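S.K.: Before I ask anything, let me first share the structure, which is written out below as structure tokens.
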Amino acid sequence: MQSFTFDEAHHCLYALQVMRGGIRLQGEKRPYTHDERARHGDLCLNRLNLHGDLTGFMFLKGFGHGGAMGVERHGKDSRLWMEWDAHPASGYGRGICWFRFADGRTLSRSSAHVTTYHPVPGSTSNSVTVDQGRRRLLLRYKVNGSPRFAVYDLARFVTRDHSPLADFAQPDAHLGLPFQGMALDGTMLYQLMGSGYGPHNPQELGGNTYMGRINWRTGTSHTNFPEHTAPHLTPREPEGLAVRRSDRRLYYGFTQGALGNRRFSLYSKALR
């Protein structure tokens, strides 16, 4: 699992994962390994009800790593925003896109069902999410290896006016921790960083997961604190961050279980 988001209008959530190895999709000459899928940027998009039961899925070929995603209410339907145009050397997206969910459909990066954008030409590692209430879009991207955040007015962005409301270097990037998710709520931007337990991140020390709270209008970090929720999980790798507006809570995920039998657990805390 890589990330998730809530579609509150339709009482479901969506979750992204890199495709597992051994799957052969229609038109492919052979099955691919998990590592090959990661390099190609091939993702599985799952739709679940709020009890965690799977209600549908899609395959996305050549999109990216899936580190964040967002939902935009559009009429009676929803648009799903995510990373797009995977770099062949890394598997991470060079742009972003939106499309509508269609159970069982496979989309390629050039599909007519996908509306695409390169808001920062030449950038890499693009990730996106949406503040549904205030209709703003949050982009994380890298230029020359340096991560940055940019916030846009969503209505202007879809018309290809890519003038940001704010654009600034990612705070606390100096910690050197893997970036694992982001969320946008009003003037506050939240980020999740860290890795699973291992030789360089021992469980007995509580793990290295950090949560950050940033005022995007100033680009300054308000709080940056260790996150010690559920220390018993193994490998407890943080994966995904999302705001749920109906209960005003910030949700974050951890993976657990052995390879081939992984589970994904969501936890939450009140927004401040």
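The values are calculated or read from the model by the stated rules, or taken from the named source; none is laboratory data. It should be emphasised that the depicted structure is a prediction, and the values quoted were computed from it without experimental measurement. For neighbour counting, all protein chains shown are included, and Cβ atoms are generated from backbone atoms with ideal geometry for every residue, glycine included. Please note that ligands, DNA and RNA were not included when accessible areas were found on the heavy atoms of the full protein model with its side chains. Shrake-Rupley method; radii C 1.70, N 1.55, O 1.52, S 1.80 Å.
S.K.: In nm, what is the difference between 0.36 nm times the number of residues separating residue 111 and residue 30 and their Cα-Cα distance?
M.R.: 27.0 nm
S.K.: Length gain on complete extension for the stretch residue 118 to residue 146, per 0.36 nm per residue less the alpha carbon to alpha carbon distance?
M.R.: 8.3 nm
S.K.: Still on this structure, I have one more. Output ³J(HN,Hα) for the stretch 92-101: one whole-Hz value per residue in order, computed from phi by the Karplus curve 6.51 cos²θ - 1.76 cosθ + 1.60 with θ = phi - 60°, and x for Gly and Pro.
M.R.: In residue order, the calculated couplings are 9, x, 9, x, 9, 7, 9, 7, 9, 5 Hz.
S.K.: For residue 23, which sequence-distant residues (separation of 5 or more, or a different chain) have an amide H within less than 5 Å of its own amide H, given hydrogens modelled in the peptide plane?
M.R.: Those qualifying (amide H under 5 Å, at least 5 residues apart or on another chain) are 32.
S.K.: Follow-up question, since we're still on this one. Take residue 232 and residue 74, extend 7 Å from each Cα along the Cα→Cβ direction, and tell me the distance between the two endpoints in nm.
M.R.: Placing both labels 7 Å beyond Cα along the Cβ direction yields 4.4 nm.
S.K.: Starting at the first residue of the stretch 58-67, write each ³J(HN,Hα) from the Karplus equation 6.51 cos²θ - 1.76 cosθ + 1.60 with θ = phi - 60°, in whole Hz, x for Gly and Pro.
M.R.: Per residue, the Karplus-derived 3J(HN,Hα) values read 9, 10, 10, 9, x, 8, x, 9, x, x Hz.
S.K.: For residue 222, list long-range residues whose amide hydrogen, built 1.01 Å from N in the peptide plane, is under 5 Å from its own amide hydrogen.
M.R.: Sorted by chain and number, the residues that satisfy this are 213, 214, 215.
S.K.: Right, next: Run the reach check for residue 61 against lysines, Cα to Cα strictly under 20 Å, same-chain hits fewer than 8 apart removed. What comes back?
M.R.: By straight Cα distance, residue 61 reaches 29.
S.K.: OK, next. Can you give me the distance in nm between label points at residue 167 and residue 246, each placed 7 Å from the Cα along the Cα-to-Cβ direction?
M.R.: Reported label-point gap for residue 167 and residue 246 is 3.7 nm.
S.K.: Same structure, new question: Given the DSSP H assignment, sum -39500 (n - 2.57) over each helix run of at least 4 residues in the chain and divide by its residue total; what's the result at 222 nm in deg cm²/dmol, nearest 500?
M.R.: -1000 deg cm²/dmol
S.K.: Something else now. Give the residue list of GluC sites (Glu not before Pro) in the stretch 1-68 that are DSSP loop and have at most 13 other beta-carbon atoms within 10 angstrom.
M.R.: Answer by residue number: 28.
S.K.: While we're here: Please work out how much accessible surface residue 85 shows to a 1.4 Å probe, ignoring ligands, DNA and RNA, in Å² rounded to 10.
M.R.: Accessible surface of residue 85 is approximately 20 Å².
S.K.: Enumerate the aspartates and glutamates that residue 76 could reach by cross-link, defined here as Cα to Cα under 17 Å, with residues fewer than 8 away along the same chain left out.
M.R.: Answer for residue 76, where 17 Å is the Cα cut-off: 7, 8, listed by chain and number.
S.K.: Go through 186, 201, 165 and say which Cα lies farthest out towards the positive end of the charge dipole of the stretch 111-216; charges sit on Cβ, +1 for Lys and Arg, -1 for Asp and Glu.
M.R.: The listed residue farthest towards the positive side: 165.
S.K.: Between residue 135 and residue 259, what length comes free when the chain is fully extended (0.36 nm per residue of separation minus the Cα-Cα distance, one decimal in nm)?
M.R.: 40.8 nm
S.K.: Same structure again: Mark the label point 7 Å from the Cα of residue 268 along Cα→Cβ and return the residues of the stretch 170-195 whose backbone N is within less than 19 Å of it.
M.R.: 181-186, 188-192
S.K.: If you roll a 1.4 Å probe over the chain with all protein chains in place, what percent of the accessible area is carbon or sulfur?
M.R.: Of all accessible area on the chain, carbon and sulfur atoms account for 49 percent.
S.K.: For the stretch 246-257, just list the computed ³J(HN,Hα) in residue order, Karplus coefficients 6.51, -1.76 and 1.60, θ = phi - 60°, integers in Hz, with x standing in for Gly and Pro.
M.R.: 5, 10, 6, 10, 9, 9, 9, x, 10, 8, 8, x
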